[in-house]
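Undergrad: Please find one structure pasted underneath; my questions will follow.
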Amino acid sequence: MTPVVFLTGGSGYVGRHVIDVLTTAGWTVRALTRRAGAVEGEGVRPIVGDLTRVNSFASGLAGCTALVHCARASHEDSTERARQDVEGTLALWEAARQAGVRRCVHVSTMSVYALPAEGTVDETSPYTTSDDPYARSKIAIEQALLSQTKGPELGILQPGCVYGARGGWWTGTLPDLMRRGRLIVPDHGRGIANLIHVEDLAGAVFAALTVDVISGRFIITDGRPIPWTEFYDVLETVVGHTATLRVSTAEARILAAQALDGRLVARVRRGVVRRLTGRPPLFGQDAHAITQATSRAVLSPVRAAAVLGFRAQRVFGVDAIG
């Protein structure tokens, strides 16, 4: 029988590539989407709905062998978005349990971990205590899923920074910002970037769906960490000009605070300075992101290799971004 997978987040950057991998393998995908036409193709059946409305998707789980959860809530308020993420995931899990789904693969993030100044991070490392809303909601989702005692087999994938051709944050939004202005890079870019190509991540999802037995969490990176300065060198090659300001961590915190100041007087001041000097805008990171960017820790993909048999194939570079 043809395996049938229920997929959330099918119109997203990762979800689209997961669909490609599954349908190429001859699998059928039922993709939850907020609007008709957002996902299409041979072997794909769109299901219009969202995680806040169980009735919109529960019937679509009937007959599915597996669930892949890539979706995020879209509410503009971070607190409400986090609540919807957790409650929606638990509703999805319960619907999958009732439908007899045998396996669930949840795509989380490396951001759940507290990155030390240096060293190795693996699945036994502690969660971050940062108040970053994204990290907190992802941790809450992981904890909620791991606490379930009945339902599908569970595998949680924790990818590094996801890059690839024309999309996502790292190689979609970020280059767009670099075309408009300059990025503030802390510690002169000497921190470590733990990367994974989006096609490799989709391959890791497939591995998690097809391995005999699965449980727990899996860090997914390419195992080839590079300094951020090398990462941004490649992005500057893509955008065609220097688009980073590589400074000390202390200076990055000051400049980022100024760039992120949302008060009207601060926005007006930045606009006046740009008009008088002709300088492009500066884009900064919040305190949590700066801490992550200055870490020289390496995320270990050893468990993913040992249990899932997964090893990344793509090497970061201009050709891999496209």
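No value in this document is a laboratory result; all are computed from the given coordinates. Keep in mind the model is a prediction, meaning the values are calculated, not measured. FYI the Cβ positions are ideal-geometry reconstructions off the backbone, even for glycines, and counts take in every protein chain you see.
Undergrad: Which of SER11, SER125, SER147 moves the most in a Gaussian network model of the chain with Cα springs under 10 Å?
TA: SER147
Undergrad: How high is the FRET efficiency between VAL213 and VAL272 when r is their beta carbon distance and R₀ equals 51 Å, given to the nearest 0.05? Let's see the in-between values first.
TA: Values: r = 62 Å, r/R0 = 1.21.
It comes out at approximately 0.25.
Undergrad: Once you order the gyration tensor axes a ≥ b ≥ c over the Cα atoms, which shape class does the chain get: rounded for a/c under 1.5, otherwise prolate or oblate by comparing a/b with b/c? Before the final figure, lay out the partial values.
TA: Numbers: a/c = 1.80, a/b = 1.64, b/c = 1.10.
Since a/c reaches 1.5 and a/b is larger than b/c, the shape of the chain is classed as prolate.
Undergrad: Taking every DSSP beta bridge that has both residues in the chain, what percent is antiparallel when rounded to the nearest 5?
TA: Details: 4 of 44 bridges.
About 10 percent, rounded to the nearest 5.
Undergrad: Right, another one. Go ahead and run the numbers for FRET between ARG311 and ARG263, Cβ-Cβ distance against an R0 of 45 Å, rounding to 0.05. Intermediate results must be reported in sequence, preceding the final value.
TA: On the way: r = 49 Å, r/R0 = 1.08.
With R0 = 45 Å, the Cβ-Cβ based efficiency is 0.40.
Undergrad: Could you give P(r) for region 223-322, binned at 10 Å from zero, as whole percent values over all Cα-Cα pairs?
TA: 12, 30, 32, 17, 7, 2
Undergrad: Still on this structure: In region 162-182, whose amide N lies under 13 Å from the spot 7 Å out along Cα-to-Cβ of ALA38? List them in ranges.
TA: none
Undergrad: From the phi angles alone, apply the Karplus equation (6.51, -1.76, 1.60; θ = phi - 60°) to region 233-249 and give each ³J(HN,Hα) in whole Hz, x where the residue is Gly or Pro.
TA: After applying 6.51 cos²θ - 1.76 cosθ + 1.60, I find 4, 5, 5, 5, 5, 5, 7, x, 6, 5, 9, 10, 10, 9, 10, 5, 5 Hz.
Undergrad: Report the FRET efficiency, 1/(1 + (r/R0)^6), for SER59 and GLU118, where r is their Cβ-Cβ distance and R0 is 51 Å, rounded to 0.05. Present the calculation step by step, with values, prior to reporting the outcome.
TA: Numbers: r = 50 Å, r/R0 = 0.98.
Efficiency, from the Cβ-Cβ distance: 0.55.
Undergrad: If you don't mind, another one. Taking 0.36 nm per residue of sequence separation and subtracting the Cα-Cα distance, how much length would be gained by fully extending the chain between THR229 and HIS288, in nm to one decimal?
TA: Details: separation 59, 0.36 × 59 = 21.24 nm, distance 1.90 nm.
Stretched out fully, the THR229 to HIS288 stretch lengthens by 19.3 nm.
Undergrad: Separation of region 45-74 and region 102-148 by C-alpha centroid, Å?
TA: 23 Å
Undergrad: Next question, about the same structure. Return the tail of the calculated pair distribution for region 25-126, meaning the percent of Cα-Cα pairs more than 17 Å apart. It would help to have the intermediate numbers written out before the result.
TA: Values: 3116 of 5151 pairs.
Summing the P(r) of region 25-126 above 17 Å gives 60 percent of all pairs.
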